[in-house]
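Reviewing the structure listed below.
Laboratory data are not the source of any read-out in this text; all were calculated from the coordinates shown. In this text the structure is predicted, and so the values were computed from the model without any measurement. Don't worry about glycine lacking a Cβ; one is built from the backbone with ideal geometry, like all the others, and counts go over all protein chains shown.
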Ligand code: XLS
Ligand code: NI
Ligand code: NI
């Protein structure tokens, strides 16, 4: 089969001084950082939809990038050409995983039976491409937001018939995920939410979503899926209000419906900021609840109020992300670049340069997070900050063997509390800068 990205050869690590746009400056796959190879800390994945399907269209204009890969768009040949392009792309970058929606792989037919036949054919083709490479599937998902039938939601729809189509898509997407050896299965509830309470029974809708997820778990386990199911929280867009607002909300939902043993979070940076949180906040909330699963690696724009899905460039944010990931002992999933090149970045080289940027940014984040932990000042400060709970009345509080009467008597005796001590935020921020830019 003909090479698609002809003038681009395998991307190599050349180091921080390299001026070669098609080389890694920080991502050195085999380099050991924090006890493991960089490639093991950072299982990167290619997002089929942005990289192989999206042509850069927006609300005001059509696409600018050619993603035909030499075939007529909308045909089976094109679906296969995307597979060829995707595998060549991943191999040239040394990316070991991909993520997909069902309808990223093939053009959706009017009849779901025909769509499923096409999915069988293309997944056979993907499987044959996987053989002889070390490329694997990170996660699959069903697109239950683009087709007009989902205008009132998928699991949250008011139509029992539409609900069955959602079930059918999930069943097939799970079949394909298992066939391709996927590590995870994602639910992103793009249309699971509402525009107005005037027409919406929130409790009914949420219970129905939970029923669908329960059926997905039961079916997945019955066909041998051992991986994690993920909820990818996002507060808004396309809906005004989406049920999986943020990690805390999604975790509460999973616990409420007894789904917490099978699910974890897939945290997307841009969704975190849309929810009014930092990326690291969402990671920390997931981690402390034992639910940090996977990451959609991208970034938003603080001047724009929507999901801009930019390639990660912010080294501070990547450092704080990797600090959380290292502290949590790693991910069960990976780092999926749910990101697209800007509309005017429409050449093949831009696809590569975008991934190089993303991979280098996370490599930098990893190196700097490991250095922050190695430096120790931040962790030590945090430990000290809570030290009043390690002895005396503090230790008694933690033991649970006290009550309001005793604590009140203690306070009265003191008259006035000692401390609390300074939070020292500015000092800690300067430690971060010193570690990031000191050498
Ligand atoms: C959209 C979501 C989507 C999910 C997969 O905002 O990020 O791309 O990752 O359905
Ligand atoms: Ni995403
Ligand atoms: Ni998103």
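For region 300-401, what class follows from the C-alpha gyration tensor (a ≥ b ≥ c being the square roots of its eigenvalues): rounded when a/c is under 1.5, otherwise prolate if a/b is larger than b/c, else oblate? The shape class here is prolate. Every Cα-Cα pair in the chain was counted, and those over 38 Å apart are 27% of them.
Restricted to Cα atoms, region 233-353 shows a radius of gyration and a Dmax of 14.7, 47 angstrom.
For region 175-312, just say rounded, prolate or oblate: build the C-alpha gyration tensor, square-root its eigenvalues into a ≥ b ≥ c, call rounded for a/c under 1.5, and beyond that prolate if a/b exceeds b/c, oblate if not. Cα axes put region 175-312 in the oblate bin. Comparing 374, 415, 220 in a Gaussian network model of the chain (Cα springs below 10 Å), the most mobile by mean-square fluctuation is 415. Taking other C-beta atoms within 10 angstrom as a stand-in for reagent exposure, 13, 219, 27 fall in the order 219, 13, 27, fewest first.
Extension gain, residue 68 to residue 215, is 49.2 nm, computed as 0.36 nm per intervening residue step minus the present C-alpha separation. To the nearest ten degrees, helix 76-93 and the longest principal axis of the Cα atoms of the chain are 50 degrees apart. Centroid-to-centroid, using Cα positions, region 168-213 and region 317-373 are 27 Å apart.
Pick from 272, 347, 85 the residue whose mean-square fluctuation is largest in a GNM of the chain, springs joining Cα atoms under 10 Å. Among 272, 347, 85, the largest GNM mean-square fluctuation belongs to 347. Helix content alone sets the calculated 222 nm mean residue ellipticity of the chain: runs of n ≥ 4 DSSP H residues at -39500 (n - 2.57) each, divided across all residues, give -14000 deg cm²/dmol.
Please arrange 36, 80 by how many other C-beta atoms lie within 10 Å of their C-beta, fewest to most.
36, 80
Taking 13 Å as the cut-off, the amide N atoms of region 213-246 that come nearer than this to a point 7 Å along the Cα-to-beta-carbon line of residue 136 belong to 226-228.
With N as its number of residues, region 37-114 has a Cα radius of gyration that, divided by 2.2 N^0.38 Å, comes to 1.24.
The modelled label-to-label distance between residue 343 and residue 381, using points 7 Å beyond Cα along the C-beta direction, is 4.3 nm. Relative contact order, whole percent, for the chain stands at 14, derived from Cα pairs under 8 Å and 6 or more residues apart. As a proxy for reagent exposure, ranking 48, 306 by other Cβ atoms within 10 Å from fewest up yields 306, 48.
Remark: spin-label model distance residue 409-residue 14 equals 7.4 nm, labels positioned 7 Å along the Cα→Cβ axis.
Shown for region 250-311 is the translational diffusion coefficient from the Stokes-Einstein equation, using the Kirkwood radius over Cα pairs, a temperature of 37 °C and a viscosity of 0.692 mPa s: 269 µm²/s. Inter-label distance, residue 112 to residue 91: 3.7 nm, where each label sits 7 Å from its Cα along the C-beta direction. State whether region 137-244 is rounded, prolate or oblate according to the following rule on the C-alpha gyration tensor (a ≥ b ≥ c being the square roots of its eigenvalues): a/c under 1.5 gives rounded; otherwise a/b larger than b/c gives prolate, and the remaining case gives oblate. Here region 137-244 falls in the prolate category. Treating r as the C-beta distance of residue 425 and residue 395 and R0 as 35 Å, the FRET efficiency rounds to 0.80. Cβ-Cβ distance of residue 350 and residue 151, R₀ of 35 Å, FRET efficiency by 1/(1 + (r/R0)^6): the value works out to about 0.55. The C-alpha atoms of the chain define a longest principal axis, and helix 348-375 lies at about 20 degrees to it.
Restricting attention to the chain, close to 20% of DSSP beta bridges with both partner residues there are antiparallel. Principal-axis analysis of the Cα atoms of the chain puts helix 404-414 at an angle of about 60° to the longest axis. Sorted from greatest to least, the principal axis extents spanned by the alpha carbons of region 82-177 come out as 46, 22, 18 Å.
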